[in-house]
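Colleague: Can you keep this structure in mind? I'll have questions shortly.
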Amino acid sequence: MKKTITILFALSCCFIFQGCGIYSFNGISIDPEIKTFQVNFFRNEAPIVEPGIDRTFTLALQDLIQNQTNLSLVSNNGELLFEGEITEYYIAPQASTSQNTAAQNRLTISVNVRYYNNKKTDGEDDFEKRFSFFSDVPATTQLIGGPLDTALEEIFERITQDIINESLAKW
């Protein structure tokens, strides 16, 4: 009997917190009055330009916010606004072999993000911050096609989640 009551209590708490719109299991807490978000195009301003990563990153951030919140994506006048630029894209050797050649290369991407909560007039939640992550690949692998797509997916998954955590989860 005691076990049944405990289970019912836990389930009730889950439904109550989920129904409020404030709490969620992914740590995101958004004011229930906020309904929209906007992600402006993240231009690639890195010294080395890899075509298409600006669009890929912008879409990855939009998709993650849509998947983890109930907010609606709008093209202007969003209550939450994300904007910025890709500032770094570079490949550097990470490990060497006994022949003094690279055994592993690291692709690093950095993104400068500006976040504005337009519902709050005090600017308390607003920030500008640089987010960066990397992917290591064998030196024998050329970063084109599939290997590049895999590396970008890994990097963008981490950077976009870090942006969500900083802006919406307040971790």
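Each value in this text was obtained by applying a stated rule to the coordinates, not by laboratory testing. Since this is a predicted model, take the numbers as computed values, not measurements. Counting neighbours? That spans all protein chains shown, and the Cβs are built from the backbone with ideal geometry, glycine included.
Colleague: Just add up the charged neighbours of R106: K/R +1, D/E -1, any other residue whose Cβ is under 14 Å from the Cβ of R106. Intermediate results must be reported in sequence, preceding the final value.
Modeller: Working: positive: R158; negative: E88, D136, E154.
Net charge around R106: -2.
Colleague: Sticking with this one: Toward the positive end of the charge dipole of the stretch 31-169, about the Cα centre and with charges on Cβ (Lys, Arg +1; Asp, Glu -1), which of N117, L148, P138 goes farthest?
Modeller: Farthest along the dipole direction, towards plus: P138.
Colleague: Also, quick follow-up: Cα-based Rg (one decimal) and Dmax (whole number) for the stretch 31-169, in Å?
Modeller: Radius of gyration, then largest Cα-Cα span, for the stretch 31-169: 17.1, 61 Å.
Colleague: Among 106-119, 132-145, how do they line up from the highest to the lowest mean number of other beta-carbon atoms within 10 Å? The partial results should precede the final answer.
Modeller: Values: 106-119: 18.9, 132-145: 14.4.
Ranked from most to least packed, the peptides come out as 106-119, 132-145.
Colleague: Kindly state, as a whole number, the per residue volume in cubic angstrom of the convex hull around the alpha carbon atoms of the stretch 106-152.
Modeller: Values: hull volume 3.8 nm³, N = 47.
Here the figure is 80 Å³ per residue.
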